[in-house]
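This report concerns only the one structure given below.
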Amino acid sequence: MAPTLSAGGTQGLIYLNRHARCLSSIAVHREEKFLSRQNWWLRSTLATLPFTLAILPFTLAILLVAGCAAPPGPSDAELAEVVQKTDWSRARHVRIVLRDAGFAPTELRLRAGEPYRLTIENQGANNHYFNAPEFFASIAARKAEVAQHAEIKAPRFSSFELHAAGGFVDVYFVPLEKGRFRAHCHLGNHAEMGVEGVLVVE
């Protein structure tokens, strides 16, 4: 005899069938939502891909330059050690004169590892700068001094402004790096007028 379903059993099957369709609908909705999110991510990635490829060479170039950059110079402690160990009684006196038409001499030669007292004097009618940041970054400086007026003790300098008609400063230092270093006055067009020179460390 074939099995029969009671009214209660039929209603149970109907309920289960509806529940199954509901679960199936929820699963399809979730899958569509997931695919929609995946498509959004893919569209966003493809949209930004040309920009990413465009800036990639510049990014690689910046990283390459940063990786090949020269290592930092001596620390303040290392510079202080050089200054402390130097016999300053052996310092050689050299001189650079600034005039409105140029430096004298236009080229000053120094030897690495030797102590110096450099007098920079302005004999021009205008104020002038002695601007030589690369040179000053390559030396161990003991001090800058205006005789009978002031001493400035610092591990690093970048420039000095010398007042017209007699302004001067003495800089005590030891050159550490060999090379050619530009010095100039950056006021107005003074450099173009010849107020510049070169320091050569051999």
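Bear in mind that the values in this text are calculations on the coordinates, not laboratory data. What you see is a predicted model, and the numbers here were worked out from it, not measured in a lab. So basically every Cβ, Gly included, is an ideal-geometry build from the backbone, and we count neighbours across all protein chains shown.
Which ordering of Ile96, Ile152 is given by a fewest-first count of other beta-carbon atoms within 10 Å?
Ile152, Ile96
For region 76-201, just the Cα atoms, rotate onto the principal axes and tell me the three extents in Å, largest first.
40, 33, 23
Using the count of nearby Cβ atoms within 10 Å as a rough guide to exposure, how do Arg109, Arg182 rank from fewest to most? List each step's numbers first, then the result.
Values: Arg109 11, Arg182 14.
Exposure proxy ranking, most exposed first: Arg109, Arg182.
Using the Karplus equation 6.51 cos²θ - 1.76 cosθ + 1.60 (θ = phi - 60°), what ³J(HN,Hα) coupling, rounded to whole Hz, does each residue of region 118-129 give in order, writing x for Gly and Pro?
Those phi angles translate into 9, 9, 10, 10, 9, 9, x, 8, 10, 5, 9, 9 Hz.
Under a cut-off of 19 Å between alpha-carbon atoms, report the aspartates and glutamates in cross-link reach of Lys178, not counting same-chain residues fewer than 8 places apart.
Glu78, Glu107, Glu114, Glu134, Glu202
Once phi is turned into θ = phi - 60°, what whole-Hz ³J(HN,Hα) does the Karplus curve with 6.51, -1.76 and 1.60 give for every residue of region 167-172, x standing for Gly and Pro?
Each residue's phi maps through the Karplus curve to give x, 8, 8, 9, 10, 9 Hz.
Within 10 Å, count the other beta carbons around each residue, average over each peptide in 77-90, 119-132, 159-172, and list them highest first.
Packing order, densest peptide first, comes out as 119-132, 159-172, 77-90.
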